[in-house]
1. From the list 107, 79, which residue is assigned to a loop (DSSP other than H, G, I, E, B), within 28 Å of residue 133 (Cα to Cα) and either in contact (Cβ under 8 Å) with a residue 12 or more places away in the chain or in contact with a helix residue (DSSP H, G or I) (Cβ under 6 Å, 6 or more places away or on another chain) (or both)?
2. For residue 100, indicate whether it is closer than 17 Å to residue 17 by Cα, outside any helix (DSSP H, G or I) and over 14 Å from the mean Cα position of the chain (by Cα).
3. Does residue 90 satisfy the criteria of being closer than 24 Å to residue 8 by Cα and part of a strand (DSSP E or B)?
4. From the set of residues in segment 116-144 that are closer than 19 Å to residue 57 by Cα and surrounded by 16 or more Cβ atoms within 10 Å (Cβ to Cβ), which is modelled with the highest pLDDT?
5. Taking residue 84 as meeting all but one of (1) part of a loop (DSSP other than H, G, I, E, B); (2) in contact with a helix residue (DSSP H, G or I) (Cβ under 7 Å, 6 or more places away or on another chain); (3) modelled with pLDDT of 95 or more, write down the number of the exception.
6. Can you tell me which residue among 12, 41 is over 13 Å from residue 128 (Cβ atoms) and touching a helix residue (DSSP H, G or I) at 6+ places or on another chain (Cβ under 8 Å)?
């Protein structure tokens, strides 16, 4: 890794922790083929290319793994099933509480796509798994 590029490692055990991961992964891009739900292990794993917001003004992306544990089910809405090469842009990750500590983790993608993970509780880990590389641009959002 280049200097000043310490890999991030974050964990989430509650909704507040999940908000930190959500902010870190805002505008990450991924291919649907890099999403995997393991019913037997009760995990959902994603590999994404996230923008390094902490990059000190540099435009860089880094490969990042995100895994949710204690996942009971995964449901997709407006995400093309079987389109492994399709690219999605992650906007946010949220949590809707059920019977504590269970609930749904909701990953929202541009274009109206959504992934809803029914979980026993919030338990997630995010880890950078590559060195950063130059990004062609910085993500921008329209003012609301």
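1. Sole residue among the options that is assigned to a loop (DSSP other than H, G, I, E, B), within 28 Å of residue 133 (Cα to Cα) and either in contact (Cβ under 8 Å) with a residue 12 or more places away in the chain or in contact with a helix residue (DSSP H, G or I) (Cβ under 6 Å, 6 or more places away or on another chain) (or both): 79.
2. Yes.
3. So residue 90 fits the description; yes.
4. The residue in question is 128.
5. Going through the list (1) part of a loop (DSSP other than H, G, I, E, B); (2) in contact with a helix residue (DSSP H, G or I) (Cβ under 7 Å, 6 or more places away or on another chain); (3) modelled with pLDDT of 95 or more, residue 84 breaks only (3).
6. Criteria check complete, one pass: 12.
The values are calculated or read from the model by the stated rules, or taken from the named source; none is laboratory data. Source: prediction; values computed, not measured. No Cβ is skipped: glycine too gets one built from the backbone with ideal geometry, and neighbour counts run over all protein chains shown.
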